[in-house]
1. For S85, what charge total do you get from the other residues with a beta carbon under 10 Å from its beta carbon, if Lys and Arg give +1 and Asp and Glu give -1?
2. Would you mind checking K138/K205; K205/K267; K138/K172 for any pair whose Cα atoms are more than 23 angstrom apart?
3. Tell me, what is the percent relative contact order of region 151-302, built from C-alpha pairs under 8 Å that lie six or more residues apart?
4. Counting Lys and Arg as +1 and Asp and Glu as -1, what is the net charge of the other residues whose Cβ lies under 13 Å from the Cβ of A49?
5. Could you work out how far apart the two model spin labels at S280 and T96 are, taking each label as a point 7 Å from the Cα in the direction of the beta carbon, and quote it in nm?
6. Using the Cα gyration tensor of the chain, with a ≥ b ≥ c the square roots of its eigenvalues, what is the shape: rounded (a/c below 1.5), prolate (a/b larger than b/c) or oblate (neither)?
7. Using 0.36 nm per residue, how much length does the chain from T194 to E59 gain when fully extended, once their Cα-Cα distance is taken away?
8. Order these by the 10 Å Cβ neighbour count, fewest first: E104, E291.
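Each value in this text was obtained by applying a stated rule to the coordinates, not by laboratory testing. These figures come from a predicted structure and were not determined experimentally. Using ideal geometry, Cβ is built from the backbone for each residue, glycine included, and neighbour counts are taken over all protein chains shown.
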Amino acid sequence: MLSRVADAVYWMSRYLERAVNLARLVDVNWLLTLDMPENFGEQWEPLVATTGDRALFFERFKRADRENVLRFLLFDTEYTNSIRSCLRMARENARTIREMIPTEMWEEVNIFYHMVERAADRPETVVVNPFSFCNEVKRRGFILGGVSAAAMTRDETFYFTHLGNMLERADKTSRLLDVKYFHLLPKAEDINSTLDHIQWSALLKAASGFQAYRHRFGPISPGSVVEFLLLDHDFPRAVLHCLTVSRNSLHQITGTPIGHFSNLAEKVLGQLVGEMSFHSVEEIIGRGLHEFTDNLQTRMNQVDEAVSRTFFSVSDEPLDSPGEQ
């Protein structure tokens, strides 16, 4: 496959998944805001902090209120990670590779794009209540996942699509956990309170994992939620599951047996999967959940850089190993 085509497939997939997961972040923040006691007020700045774009936001806006944050994250065309910007870039990438993807996928990407553009024409409706818009974005993500699973030949196009999708999902699930961190309760005695449990439940619902979690663990427990969203091998949105599927997709592309590596991307991703596989939730919480997820996001950025250098870069520079963590 030409590197240009592989690049477009990979980023089409990442942008689509990014849009869906941003809707999930907005959704969980909206649910948490509704459940907060009145003395807390609405908290929207934590959502900007979670995305990693707080500094950029405050270059554009003076206050992190609901209207400014939602307009920025959902529809701002000057913000490259807004849902609207992601759909524009996903559609453009899909357009350049229409002959490589199923017709149904192109059609669904196009429908998705126009749905977001229509919503952007009346942003005040979404700002008042973002639930319906976020729900539709998530539904479009499920449809595209179904098209990919049912209509794509298991060739390089499929595996680059899957690789981008899973790496993006792993990153955003870790950021979803950071929503809880940035909604810290003001008193130590509030931990394990009813409000605390409501917040953990909201995170599970935003990840479409509430029912799966209850079947597996039963009552809500912060440690169990962290274990489920980070370390579960079977839940499709758990970080370890996503990274493992990403690694497998990478090896399908190259033909290198799992457990070996022939390029930087296989090495960096294989190391990360191995380390994640041997972490315990007690170690993660003891180290600090935010500190762990922050380092994890840095490591996943390094995986993305390694994938780009291995498959998309035209540079002749040697593919050296990344620095120590």
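1. +1
2. Beyond 23 Å: K205/K267.
3. Value for region 151-302: 30 percent.
4. Computed value for this residue: -1.
5. 4.8
6. oblate
7. 44.9 nm
8. Least crowded to most crowded, the residues run E291, E104.
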